[in-house]
Amino acid sequence: MSENRRAAVLGSPIAHSLSPVLHRAAYRELGLTGWTYDRFEVDETGLPDFFKRLGEDAGPSWAGLSLTMPLKRAVIPLLDEISDTAASVEAVNTVVFGDDGRRRGDNTDIPGMLAALRERGVGRVERAAVLGAGATASSALAALSRICDGEVTAYVRSEARAAEMRQWGERLGVAVRTADWGDAAGALGAPLVIATTPAGTTDALTAAVPDRPGALFDVLYEPWPTPLAAAWAARGGSVVGGLDLLVHQAVLQVEQMTGRAPAPLAAMREALAAR
């Protein structure tokens, strides 16, 4: 495919983003020599102007955008439509520009989580625990709605956060019980634990990892492994990391933006390892 197209990742901060590594590797493997993928520092206040400038660009046409924090909800009013998956958590991380000019938003984090878990042999579970209550935690609940047969316990720091998680549970059809963060060590006995908290937050839990742990999905990738992930692996538990999520959600973005499937997962993963 010789046409020239553009794509990019937006967010603030954005300098750390590994999305360009993944998308550029996919373009090389797919022979999309005229495609480029950049990163732009854009916050919520600057997002409408960025979208306005997209329509004024005289260069190669835009194929799509990847969005990271804090733009996943701020972008929704600027779109013509969003997928049911994105609507379920009110978060968009992917925008695809149609040939008709329409802007369609999707969320590849949720199916990306499921793909990362499947790759590590994690399928249906009888119950699960979620550490944290931010935007990633709501995506985790959406993923769990598809594979968890029983209750999900969310460990949070405030009653306000607890109420939010219970509301997300009701919306997503997940039985959510909330517990205080001070009891977070109790989460580690669940068959599947999803840690969605910032770096360092779960470090104190390493001593509580059980002798025969189930599966841990720690969404962080820098630094890696986290102390919790290292302790989990040392005891023989299955560990899914943030880089697994990153590459699987990017695979889905590449497929949507380029119209080419399957995206080259192996080449993308190799580029990530070689960065």
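Would you mind telling me which numbered condition in (1) open to solvent by less than 70 Å² (accessible area, probe 1.4 Å); (2) within 17 Å of the chain's Cα centre (by Cα); (3) under 25 Å from Val89 (Cβ atoms) Val21 fails?
The one condition Val21 does not meet is (3).
Looking at Thr202, Thr258, Thr178, Thr206, which one is among the hydroxyl-bearing types (Ser, Thr, Tyr) and buried (at least 23 other Cβ atoms within 10 Å of the Cβ)?
Criteria check complete, one pass: Thr202.
Listed residues Gly112, Gly121, Gly132; which is touching a residue at least 24 places away in the same chain (Cβ under 8 Å), more than 17 Å from the chain's Cα centre (by Cα) and closer than 28 Å to Leu205 by Cβ?
Gly121
Does Ala184 meet the test of being over 24 Å from Ala207 (Cβ atoms) and in the same structural domain as Gly200 (by the TED database)?
So Ala184 does not fit the description; no.
If Glu3 satisfies all but one of (1) surrounded by fewer than 18 Cβ atoms within 10 Å (Cβ to Cβ); (2) assigned to a loop (DSSP other than H, G, I, E, B); (3) modelled with pLDDT of 95 or more, what's the number of the condition it fails?
All conditions pass for Glu3, except number (3).
Which condition does Pro213 not pass, out of (1) in contact with a helix residue (DSSP H, G or I) (Cβ under 6 Å, 6 or more places away or on another chain); (2) surrounded by 23 or more Cβ atoms within 10 Å (Cβ to Cβ), if it passes all the others?
(2)
Could you please find all residues in region 264-275 being within 17 Å of the chain's Cα centre (by Cα) and assigned to a loop (DSSP other than H, G, I, E, B)?
none
What pairs come up if the first residue lies in region 46-72 and is basic (Lys, Arg), the second is surrounded by 14 or more Cβ atoms within 10 Å (Cβ to Cβ) and assigned to a helix (DSSP H, G or I), and their beta carbons are under 7 Å apart, counting only those six or more places apart or on different chains?
Pairs that qualify, where the first residue is basic (Lys, Arg) and the partner is surrounded by 14 or more Cβ atoms within 10 Å (Cβ to Cβ) and assigned to a helix (DSSP H, G or I), are Lys72/Ala135.
Could you say whether any residue in region 68-84 is assigned by the TED database to the domain that holds Arg39, at pLDDT 95 or above, surrounded by fewer than 16 Cβ atoms within 10 Å (Cβ to Cβ) and of a type in the set (Val, Ile, Thr)?
Within region 68-84, one or more residues are assigned by the TED database to the domain that holds Arg39, at pLDDT 95 or above, surrounded by fewer than 16 Cβ atoms within 10 Å (Cβ to Cβ) and of a type in the set (Val, Ile, Thr).
I'm trying to understand the selection: among the residues of region 1-58, which are among the small types (Gly, Ala, Ser) and within 27 Å of Leu265 (Cβ to Cβ)?
Scanning region 1-58 gives Ser2, Ala7, Ala8, Gly11, Ala15, Ser17, Ser19, Ala25, Ala26, Gly31, Gly34.
So, Phe50, is that one open to solvent by 30 Å² or more (accessible area, probe 1.4 Å) and among the aromatic types (Phe, Trp, Tyr) or not?
The answer is no for Phe50.
Per-residue answers, yes or no, for (1) within 21 Å of the chain's Cα centre (by Cα); (2) of a type in the set (D, E, K, R):
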{"site": "Asp149", "(1), (2)": "no, yes"}
{"site": "Arg161", "(1), (2)": "yes, yes"}
{"site": "Leu172", "(1), (2)": "yes, no"}
{"site": "Asp180", "(1), (2)": "no, yes"}
{"site": "Ala184", "(1), (2)": "no, no"}
{"site": "Leu192", "(1), (2)": "yes, no"}
{"site": "Asp211", "(1), (2)": "no, yes"}
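The values are calculated or read from the model by the stated rules, or taken from the named source; none is laboratory data. Just so you know, these numbers come straight off a predicted model, no measurement behind them. All Cβ positions, even for glycine, are placed from backbone atoms using ideal geometry, and neighbour counts span all protein chains on display. Side chains included, ligands, DNA and RNA excluded: accessible areas come from the protein's heavy atoms. Shrake-Rupley method; radii C 1.70, N 1.55, O 1.52, S 1.80 Å.
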